[in-house]
Amino acid sequence: MPPTYLSGACLCKNITYRVVLHTPESYPDLIICHCTNCKRYTGAGFSTNIIVPSSDFQYTKGLPKLYLDIGNKEGQVLREFCPDCGTPFTSQSKSDMQMVAVKSGTLDDEHRIKCTKLAAEIYHHRKDGWVTSIGTEDVQKINGSMG
Ligand SMILES: [Zn+2]
Ligand SMILES: [Zn+2]
């Protein structure tokens, strides 16, 4: 049987969560955000998210810390992260609390690899120049051994 939910955790695994899948195998699309605040929040060139109904998202162990990000021109954003290891879990616009953006890198491996469709890049005008060279021939491909 395929899972009826997606599960995820932070790096230290003190906090875990799950996302209900109403239809088995209906894995959510990915949305990349290139905004300046997502770069800082994730420490990366962009954030990768699945957007799901807030009512389908729940923490199953531990509770994250909430940071109210007021530095957005388009309104305040709630950002949840693990206070112990710093992993970012979610961002949520205060003007649309019906939906939550879950950072897809926190999904457990077996669920993350099922989310394969990139549907949109938002804040595209903030995209860093190097991003388009991902996967191109001139970039060295080196396999790691950490996980
Ligand atoms: Zn943690
Ligand atoms: Zn963003």
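The values are calculated or read from the model by the stated rules, or taken from the named source; none is laboratory data. Please read all numbers here as calculations on a predicted model, not as lab measurements. Reconstructed Cβ throughout: ideal geometry from the backbone, glycine too, with neighbour counts over all protein chains shown. The area values use the complete protein model at the heavy-atom level, side chains included, leaving out ligands, DNA and RNA. Shrake-Rupley method; radii C 1.70, N 1.55, O 1.52, S 1.80 Å.
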What pairs come out if I take residues in the stretch 80-92 that are open to solvent by 20 Å² or more (accessible area, probe 1.4 Å) and pair them with residues that are assigned to a loop (DSSP other than H, G, I, E, B) and among the small types (Gly, Ala, Ser) whose C-beta lies under 9 Å away, six or more apart or interchain?
ASP84/GLY62; GLY86/GLY43; PRO88/GLY43
Counting only residues that are within 14 Å of THR87 (Cα to Cα) and of a type in the set (Ser, Thr, Tyr), the stretch 4-58 contains a total of 6
Hey, GLY86 hits all of (1) more than 14 Å from ligand 2 (Cβ to nearest atom); (2) small (Gly, Ala, Ser); (3) closer than 25 Å to THR4 by Cβ but one; which does it fall short on?
(3)
Being touching an Asp or Glu at 6+ places or on another chain (Cβ under 9 Å), touching a residue at least 60 places away in the same chain (Cβ under 8 Å) and open to solvent by less than 70 Å² (accessible area, probe 1.4 Å) is the filter here, so list the residues in the stretch 95-130 that pass it.
CYS115, ALA119, ALA120, LYS127
Of the numbered conditions (1) open to solvent by 60 Å² or more (accessible area, probe 1.4 Å); (2) closer than 20 Å to ILE113 by Cβ, HIS22 satisfies every one except a single condition; which is it?
(2)
